[in-house]
Amino acid sequence: MKKYLTVVFFSLVAFAASAQTEIKYGYLSYDSLMCSMPEYAEMKSQMENLRKKYEAEALYNETSFRRMFAEFLQGQKDFPQNILLKRQRDLQEAMEKGMAFRRSADSLLVSAEADMRRPIRERLNKAIAEVGRERGYECVVNTDMETFPFLHPSVSENAAPFVIKKLNAVKP
């Protein structure tokens, strides 16, 4: 019985040791892969155009406010009290609207970028998952945050070339 248990024990140890040598991990830089995708470049271009449009509108609001302020300064000596107060309220309102527009534009830009980025990330995640299954990886490690300063080459490989190949093979 002892011999049988010893044989079973060593068989399990040998099986575990052989199983460990087959474990394989992939690693890649997620951000680098995403930035290399043509869809990402197009998204950046669209975001820049959108940013320019919002900036142009904000500049228009500022120019309008400055014109109102200059007119206010020129006429403040001649305005009756009630017109003076109305103009001050108009200036305050214009300034608040301009600041609200800037805040709203910033929020809308962040939201638009997240919406545009979502399908790109989904496509990249799908390609990584497919490569992971095809190459037999236990997992694929993202090296962007430098969380893994060392990955042993006998159990890991750079998965980026395989993911790039997969992305190029399947166009959106």
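Listed values, structure above:
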read-out: Flag if Phe79 is of a type in the set (Phe, Trp, Tyr) and in a helix (DSSP H, G or I); value: no
read-out: Residue match in the range 65-85 (condition: touching a Gly at 6+ places or on another chain (Cβ under 8 Å) and touching a residue at least 12 places away in the same chain (Cβ under 8 Å)); value: yes
read-out: Matching option when the condition is in contact with a helix residue (DSSP H, G or I) (Cβ under 8 Å, 6 or more places away or on another chain), at pLDDT 95 or above and part of a helix (DSSP H, G or I), among Glu113, Glu48; value: Glu113
read-out: Residue check for Arg121: in a helix (DSSP H, G or I), out of contact with any Pro (no Cβ under 8 Å at 6 or more places or on another chain) and farther than 30 Å from Val155 by Cβ; value: no
read-out: Unique match (being over 22 Å from the mean Cα position of the chain (by Cα) and farther than 23 Å from Lys44 by Cβ) among Pro149, Pro161; value: Pro149
read-out: Hey, Lys97 under 30 Å from Pro38 (Cα atoms), open to solvent by 70 Å² or more (accessible area, probe 1.4 Å) and part of a helix (DSSP H, G or I) or not; value: no
read-out: Candidates Glu71, Glu42 - the one that is modelled with pLDDT of 95 or more and open to solvent by 70 Å² or more (accessible area, probe 1.4 Å); value: Glu42
read-out: Output for the range 45-68, where each listed residue is surrounded by 12 or more Cβ atoms within 10 Å (Cβ to Cβ) and among the hydroxyl-bearing types (Ser, Thr, Tyr); value: Tyr54, Tyr60, Ser64
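Residues are listed down the side, and each one gets a yes or a no for (1) closer than 21 Å to Glu48 by Cβ; (2) modelled with pLDDT of 90 or more; (3) of a type in the set (Gly, Ala, Ser):
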| residue | (1), (2), (3) |
| --- | --- |
| Lys126 | no, yes, no |
| Met145 | no, no, no |
| Ser154 | no, no, yes |
| Asn158 | no, yes, no |
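Residues are listed down the side, and each one gets a yes or a no for (1) surrounded by 12 or more Cβ atoms within 10 Å (Cβ to Cβ); (2) β-branched (Val, Ile, Thr):
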residue: Arg103; (1), (2): no, no
residue: Met116; (1), (2): yes, no
residue: Arg123; (1), (2): yes, no
residue: Ala127; (1), (2): yes, no
residue: Val131; (1), (2): yes, yes
residue: Arg135; (1), (2): yes, no
residue: Glu138; (1), (2): yes, no
residue: Thr147; (1), (2): no, yes
residue: Pro153; (1), (2): no, no
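The values are calculated or read from the model by the stated rules, or taken from the named source; none is laboratory data. Bear in mind the structure is a predicted one, so any value in this text is a computation, not a measurement. So basically every Cβ, Gly included, is an ideal-geometry build from the backbone, and we count neighbours across all protein chains shown. Ligands, DNA and RNA are excluded from the accessible area calculation, which covers all protein heavy atoms including side chains. Shrake-Rupley method; radii C 1.70, N 1.55, O 1.52, S 1.80 Å.
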